[in-house]
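This report concerns only the one structure given below.
The values are calculated or read from the model by the stated rules, or taken from the named source; none is laboratory data. Small disclaimer: the values here were computed from a predicted structure and weren't measured. A quick note on method: Cβ atoms are made from the backbone with ideal geometry, for glycine too, and the neighbour counts reach across all protein chains shown. Keep in mind that these areas ignore ligands, DNA and RNA; they rest on the heavy atoms of the full protein, side chains included. Shrake-Rupley method; radii C 1.70, N 1.55, O 1.52, S 1.80 Å.
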Amino acid sequence: GTLEAVTALHETQVEAVAAIAPALSAIAAAVDASAPRLKRGGRLIYVGAGTSARIGVQDGAELFPTFSWPKDKVAFAIAGGEGALLQAVENAEDSAIEGAGQIIRLEVGPDDIVIGLAASGATPFTVAAIKEARQRGAITIGIANNPGAPLL
């Protein structure tokens, strides 16, 4: 029935919030490491493919209207390019070369914060982008659903 269905949906949301508790110290460490770099003019750069990219764009797009975050201090590296936000681009998530390439084109540097999102934590595009960003001295943050995933 409907009540059972909405109750199940509610319970999964409660479980999702509870699942974040073990990551709180890592989240706090990421904030502490990022804040000084952002104060020096660094950017928040979201990296992802498919739904993960869309979630990153949705979060980043809200920074200006919600927090008056400067528009030039947020950027996106999206597997398949901006067009992939509206229509799936097959196999774009598998291109490690393109993931690293987008970080290079964005001229990521030591003051930037690069946030990689991938449900599996193993998306080649996102993992390669994070590796390239780290090599360039950026703070890198991985968000995934699987502990021990390569992205983390």
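Would you check if there is a residue in the stretch 80-95 being of a type in the set (Ser, Thr, Tyr) and under 15 Å from the mean Cα position of the chain (by Cα)? Working first, answer last.
Applying the first criterion (of a type in the set (Ser, Thr, Tyr)) to the stretch 80-95 yields 95.
If we keep only those that are under 15 Å from the mean Cα position of the chain (by Cα) as well, we get none.
Checked the stretch 80-95: no residue is of a type in the set (Ser, Thr, Tyr) and under 15 Å from the mean Cα position of the chain (by Cα).
Return the only residue of 55, 97, 104 being aliphatic (A, V, I, L, M), open to solvent by 60 Å² or more (accessible area, probe 1.4 Å), touching a strand residue (DSSP E or B) at 6+ places or on another chain (Cβ under 9 Å) and not in a strand (DSSP E or B). Full working, then the answer.
Working: 97 fails: touching a strand residue (DSSP E or B) at 6+ places or on another chain (Cβ under 9 Å); 104 fails: touching a strand residue (DSSP E or B) at 6+ places or on another chain (Cβ under 9 Å).
Matching residue, one of 55, 97, 104: 55.
Can you name the condition, by its number, that residue 90 falls short on among (1) modelled with pLDDT under 95; (2) open to solvent by less than 50 Å² (accessible area, probe 1.4 Å); (3) not in a helix (DSSP H, G or I)?
Evaluating residue 90 over (1) modelled with pLDDT under 95; (2) open to solvent by less than 50 Å² (accessible area, probe 1.4 Å); (3) not in a helix (DSSP H, G or I) leaves (2) as the failure.
State the number of residues belonging to the stretch 33-74 that are closer than 14 Å to residue 130 by Cα and either of a type in the set (Phe, Trp, Tyr) or without any contact (Cβ under 8 Å) to a residue 60 or more places away in the chain (or both).
Matching residues across the stretch 33-74 total 1.
Return only the number of the condition from (1) in contact with a Leu (Cβ under 8 Å, 6 or more places away or on another chain); (2) in contact (Cβ under 8 Å) with a residue 24 or more places away in the chain; (3) in a helix (DSSP H, G or I) that residue 122 does not satisfy.
(3)
Which residue, of 128, 35, is surrounded by 18 or more Cβ atoms within 10 Å (Cβ to Cβ) and not in a strand (DSSP E or B)?
Values: 35 fails: surrounded by 18 or more Cβ atoms within 10 Å (Cβ to Cβ).
Testing whether each residue is surrounded by 18 or more Cβ atoms within 10 Å (Cβ to Cβ) and not in a strand (DSSP E or B) leaves just 128.
When you go through (1) modelled with pLDDT of 95 or more; (2) open to solvent by 90 Å² or more (accessible area, probe 1.4 Å); (3) under 26 Å from residue 136 (Cβ atoms); (4) not polar (S, T, N, Q) one by one for residue 82, which number turns out not to apply?
Answer for residue 82: the failing condition is (1).
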